[in-house]
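Working notes, structure below.
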Amino acid sequence: MRFQAWVPALVALGADVTNGQSSAQQEFDSICPSQDGTVAVIGGFQWHYHCNANNPDYYDSVRSVGSADECANLCLESDACTAAIWKARAERCYVTESTAQPEIDVASNRYSLYMVRGEPAPEEPEPTECQPGESLVDGACVPDACVDPEREICEQKVDALEFEVDLCEQEKDVLTTQAKNCNIEKASCEAQKAASDAQVTASSAQVAALELDKATCDSQRAQLETDKAALTATVQSLQNELQSCKTSLDQANSYVTCPGAAKGQIRSISGKNFRLYCGHVTSTNNWKRNVGHTFESCLQLCAKDRNCLQFDFWHTTGHCFTMPERSGEARIRASRTAHAVVLV
């Protein structure tokens with residue numbers, strides 16, 4: 001009756017575990033982790049319990065095994081069987097002849113009970129039978145009047161708290177594994193961040209170098225603009241000087257190579273006499289144009305040509321127009337850009 005008074009407390013502590021569980025899972029919770037590392041007697045043999053453990057060298061399995069005792073008895077059917085693994089969640093039993101040490105992993109072997117077969121169990125003594133008015137306490141019969149009800153209640157509380165502690169230890173193992181994985185991921189992220197920071201530093205150095213190159217290019221471009229302006233001014237000055245030289249050349253061709261006015265001086269070249277009409281041009285359409293001449297070379301050209309009777313020299317273009325006929329004085333007119341020469 002005193003135990004029944006403590007049942008609600010036990011149910012409240014284990015409600016989150018037993019809700020929705022199968023009878024096999026509930027039996028497993030009654031064994032693990034409280035009996036982990038202990039020895040149980042099944043089928044006349046001692047069995048060493050290892051909670052949340054496994055042996056990968058199993059060779060046979062049986063489905064629909066709902067209890068640890070049933071799984072152990074299956075192993076006893078073979079003399080060579082050394083251990084049995086009961087998967088409570090799948091209700092499956094595996095037997096093996098391997099003597100390998102159990103592999104304990106709470107995360108991957110949840111609801112797995114590894115039972116190692118031991119020596120035959122010694123014969124148990126006959127159970128002690130107490131007289132009416134006595135209770136069995138620690139293997140001895142004690143009068144009911146000597147049994148402390150508070151002690152029994154405390155023992156029940158201790159059992160409940162130990163059960164809660166075992167659950168916490170299992171959760172702690174899972175959380176520890178998760179923490180290890182998180183630390184691995186953290187180290188990987190920190191390595192990636194360090195690599196990214198190195199890339200950013202290298203990129204910043206490249207940007208600084210490019211900005212320095214840009215500043216150098218801007219300075220060189222400004223200098224080139226200044227040089228271009230100076231060259232433009234120099235070209236303009238040279239063009240002005242060239243124009244001045246052309247004007248002087250026109251004047252030289254007009255007044256130096258052909259001195260005098262109309263009906264001016266007579267020039268004798270190669271036995272021929274030519275009359276110079278400076279600042280004039282003839283009026284005839286029968287002519288031959290020769291380019292790239294001066295007044296003197298044009299005069300020499302006509303003197304050597306037996307068909308040349310007169311020529312016009314355009315001192316602005318350097319063209320020499322030789323003609324096979326003479327123009328009368330009436331057809332010679334004034335010009336600012338040419339000189340007429342007629343054979344006399």
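The values are calculated or read from the model by the stated rules, or taken from the named source; none is laboratory data. Since we're looking at a predicted model, the values are computed, not measured. Cβ coordinates were reconstructed from backbone atoms using ideal geometry, including for glycine residues, and neighbour counts include every protein chain displayed.
Table for the structure above
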quantity: Residue in the stretch 128-159 that is surrounded by the fewest Cβ atoms within 10 Å (Cβ to Cβ), counting only those that are touching a helix residue (DSSP H, G or I) at 6+ places or on another chain (Cβ under 6 Å) and at pLDDT 75 or above; calculated: 133
quantity: Selection status of residue 201, more than 27 Å from residue 35 (Cα to Cα) and either of a type in the set (Ser, Thr, Tyr) or assigned by the TED database to the domain that holds residue 33 (or both); calculated: yes
quantity: Pair list, Cβ under 8 Å, 6 or more apart: the stretch 106-133 residue on the phi > 0 side of the Ramachandran plot, other residue assigned to a strand (DSSP E or B) and modelled with pLDDT of 90 or more; calculated: 111/87
quantity: In the stretch 26-64, the residues that are farther than 26 Å from residue 173 by Cβ and in contact with a Cys (Cβ under 6 Å, 6 or more places away or on another chain); calculated: 62
quantity: Meets criteria (under 18 Å from residue 23 (Cα atoms) and touching a Gly at 6+ places or on another chain (Cβ under 7 Å)) for residue 72; calculated: yes
quantity: Filtered residues of the stretch 318-332 (kept if surrounded by 13 or more Cβ atoms within 10 Å (Cβ to Cβ) and modelled with pLDDT of 85 or more); calculated: 318, 319, 320, 321, 322, 323, 324, 326
quantity: Scope the stretch 293-314; condition over 20 Å from residue 266 (Cβ atoms) and in contact with a strand residue (DSSP E or B) (Cβ under 7 Å, 6 or more places away or on another chain); matching residues; calculated: 293, 314
quantity: Residue ranges of strands (runs of 3 or more DSSP E) in the stretch 293-344 with at least 2 members without any contact (Cβ under 8 Å) to a residue 60 or more places away in the chain; calculated: 310-314, 319-323
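Rundown of residues vs (1) more than 60 Å from the chain's Cα centre (by Cα); (2) of a type in the set (Val, Ile, Thr); (3) over 18 Å from residue 279 (Cα atoms), yes/no style:
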residue	(1), (2), (3)
295	yes, no, no
300	yes, no, yes
303	yes, no, yes
312	yes, no, no
327	yes, no, no
332	yes, yes, no
337	yes, yes, no
344	yes, yes, yes
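One line per residue, one yes/no per condition, for (1) more than 30 Å from residue 108 (Cβ to Cβ); (2) hydrophobic (A, V, I, L, M, F, W, C); (3) free of Cβ contacts under 8 Å to residues at least 60 places away in the same chain:
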site	(1), (2), (3)
176	no, no, yes
181	no, no, yes
185	no, no, yes
191	no, yes, yes
197	yes, no, yes
208	yes, yes, yes
211	yes, no, yes
216	yes, no, yes
